[in-house]
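Structure record follows, encoded as structure tokens.
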């Protein structure tokens, strides 16, 4: 069933992007190029119609930058398999203290 | 629908494990502890019933080890959401030259 | 000069381990196997005499685990190049809000 | 001694960049934005005077992209500690089958 496969593919993209890039050095100086690079990596993958990445630089260190952490990362992805289009999002859930990945209906 | 969410969750697990651990230093000396560590990381995540990881150390360097590469990694994961159980696998596809992630029926 | 090369090699090991494993799913259930896996990866690399990794699981989420974050990771490494032995450590610096990597004399 | 610390810092930068970004989806479509993002991450770090990253897309898959692999990545970094300037490079060594990181004199 296309929608099942599309949901699987959407999950791959979110899990991949999170675990590839968490830890990257980031500040307001490079957050935009890092967003664009992550988007470009997601868009290369099969079945992806669109990807949008937002890095919210919420903290820093004595050295003027920090490591990309789960609280700072938002990802929106749209995938299409056959006729099924599925949207999914990664967003930090403050109450659960967790980078929640969810299908968006 | 539970099966759609289960497929999404299975995709997250495969995408996450691949992109977290590709690049890790590996040889036959530590492939087993690395397999166990990756399995333990997958099993911590929500909805996971079981996870199995196999590293096939297919090459080396002049220094007696290599970086974990896509050709070397196999992952099998079983997730359960509500009453829906979904199995998925990551396996190198030699013809496609690609680490194929697929739902297993 | 051997000590210069040894310091370079020590830096490689700390930078590598931090950026490879930050983001890994972790709780008290798997922190020990993850420590052993990271140690095994460091020990495979050239010039390493010894490596010790400590994960301090300082937080969790509603799902009973978290992502390995810079505050949680300590690494000690000893490298030898020629007759020069260099020790280095990675440890979270609370004041600087930074995972400080330093040569240890 | 400044040169020892500079060599240590140079090692950190190369080890970090390699292990953070190996595995990223890449093709000729996004290699330039990925190069710029990696350079930006290195330049944020302490003591860095300059960083240059080159991705040589040497292979692909049936899906038109591949994972960033050690054979494809070149990094040049210049760091300064006190009055000591150290240059270091990461480059694939075909004979050793290894991503060699070296101080450049």
Leading residue by the ranking (nearest to residue C:105 (Cα to Cα)) among those in region D:1-25 that are outside any helix (DSSP H, G or I) and facing another protein chain (nearest Cβ under 7 Å):
D:22
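Residue-wise test of (1) closer than 21 Å to residue D:10 by Cβ; (2) in contact with a strand residue (DSSP E or B) (Cβ under 6 Å, 6 or more places away or on another chain).
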site: C:2; (1), (2): yes, yes
site: C:10; (1), (2): yes, yes
site: C:23; (1), (2): no, yes
site: C:36; (1), (2): no, no
site: C:39; (1), (2): no, yes
site: C:53; (1), (2): no, yes
site: C:80; (1), (2): yes, yes
site: C:84; (1), (2): yes, no
When region C:26-41 is checked residue by residue, the ones that are more than 7 Å from every other protein chain (Cβ to nearest Cβ), over 13 Å from the mean Cα position of the chain (by Cα) and either assigned to a helix (DSSP H, G or I) or at pLDDT below 95 (or both) are C:31, C:32
Of the residues that make up region D:19-27, is at least one farther than 26 Å from residue C:46 by Cα, touching a helix residue (DSSP H, G or I) at 6+ places or on another chain (Cβ under 8 Å) and surrounded by fewer than 16 Cβ atoms within 10 Å (Cβ to Cβ)?
no
Restricting to region B:67-76, name every residue that is over 15 Å from residue C:37 (Cβ atoms), touching a helix residue (DSSP H, G or I) at 6+ places or on another chain (Cβ under 9 Å) and in a strand (DSSP E or B).
B:75
If we keep only residues of region C:42-66 that are loosely packed, with under 14 Cβ neighbours inside 10 Å and not in a strand (DSSP E or B), then the residue farthest from the other protein chains (Cβ to nearest Cβ) is C:56
Taking region D:89-105, which residues are within 28 Å of residue C:3 (Cβ to Cβ) and more than 7 Å from every other protein chain (Cβ to nearest Cβ)?
D:89, D:90, D:91, D:92, D:93, D:95, D:99, D:100, D:102, D:104, D:105
Go through region A:67-81 and count every residue that is more than 7 Å from every other protein chain (Cβ to nearest Cβ) and buried (at least 21 other Cβ atoms within 10 Å of the Cβ).
5
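The values are calculated or read from the model by the stated rules, or taken from the named source; none is laboratory data. Computed from a predicted model, the values in this text were never measured in an experiment. Using ideal geometry, Cβ is built from the backbone for each residue, glycine included, and neighbour counts are taken over all protein chains shown.
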